[in-house]
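The values are calculated or read from the model by the stated rules, or taken from the named source; none is laboratory data. Note that the structure is predicted; figures quoted are calculated from it, not measured. Here the Cβ positions follow ideal geometry from the backbone for every residue, glycine too, while neighbour counts run over all protein chains shown.
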Amino acid sequence: MQARSLRWLMNVWPPYLFAGIRVREIARDFRFARVELRMGLTNRNYVNVHFGGSLFAMADPFYMLMYIKNLGPDYVVWDKAAEIEFVRPGRGRVWAEFRLDEADLERARMETAAGQRFLVRHPVEVRDQAGELVASVQRTLHIRRKSRPAA
């Protein structure tokens, strides 16, 4: 699936659509993505700030998808764990960006070359319109090279 099609599908996917999460960009090479969340009736909590679950959902599943698309079908990639620290109340529009570079991919290939699993952590910062940190998310992924059938 191309980045443009995936972006469109994610924007109509009910968990994102009803939470107010919008995927603004997925690079053609699947090494960058940008997601936004605007304040609305469906994603505010009792004290009129962004619902923490919506902030957490913004960080899922981009790194997994980016590794899958870049490593290809010879690899198994799963989200293994995630944790969030709420730093300040989120109001208005908030956003998060995801980046992979060649060094990330090369490390995954190297660490899994003999078939072992590799756990990698990626931080995700959720920021507000002023650039202030709203939440810090740590995503942990499980990556493993698929075993090759005997010849």
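Below are the figures for this structure:
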{"item": "Residue satisfying condition, being assigned to a loop (DSSP other than H, G, I, E, B) and surrounded by 14 or more Cβ atoms within 10 Å (Cβ to Cβ), within set A19, A57, A33, A82", "result": "A19"}
{"item": "Test: residue in the stretch 67-87 that is under 30 Å from R145 (Cβ atoms), in contact with a strand residue (DSSP E or B) (Cβ under 8 Å, 6 or more places away or on another chain) and hydroxyl-bearing (S, T, Y)", "result": "yes"}
{"item": "Residue satisfying condition, being at pLDDT below 95 and either of a type in the set (A, V, I, L, M) or within 12 Å of the chain's Cα centre (by Cα) (or both), within set A96, A150, A135", "result": "A150"}
{"item": "Search result, residues across the stretch 93-145 that are touching a residue at least 60 places away in the same chain (Cβ under 8 Å), surrounded by 12 or more Cβ atoms within 10 Å (Cβ to Cβ) and not in a strand (DSSP E or B)", "result": "L100"}
{"item": "Candidate set: the stretch 42-52, residues that are touching a residue at least 24 places away in the same chain (Cβ under 8 Å) and not in a loop (DSSP other than H, G, I, E, B); chosen: the one surrounded by the most Cβ atoms within 10 Å (Cβ to Cβ)", "result": "H50"}
{"item": "Breaking point among (1) assigned to a strand (DSSP E or B); (2) surrounded by 14 or more Cβ atoms within 10 Å (Cβ to Cβ), for R24", "result": "(2)"}
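Let's see how each residue does on (1) touching a helix residue (DSSP H, G or I) at 6+ places or on another chain (Cβ under 6 Å); (2) under 21 Å from A27 (Cβ atoms); (3) at pLDDT 95 or above; (4) polar (S, T, N, Q):
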| position | (1), (2), (3), (4) |
| --- | --- |
| R44 | no, no, no, no |
| N48 | no, no, no, yes |
| F51 | no, no, no, no |
| V76 | no, no, yes, no |
| K80 | no, no, yes, no |
| V87 | no, no, yes, no |
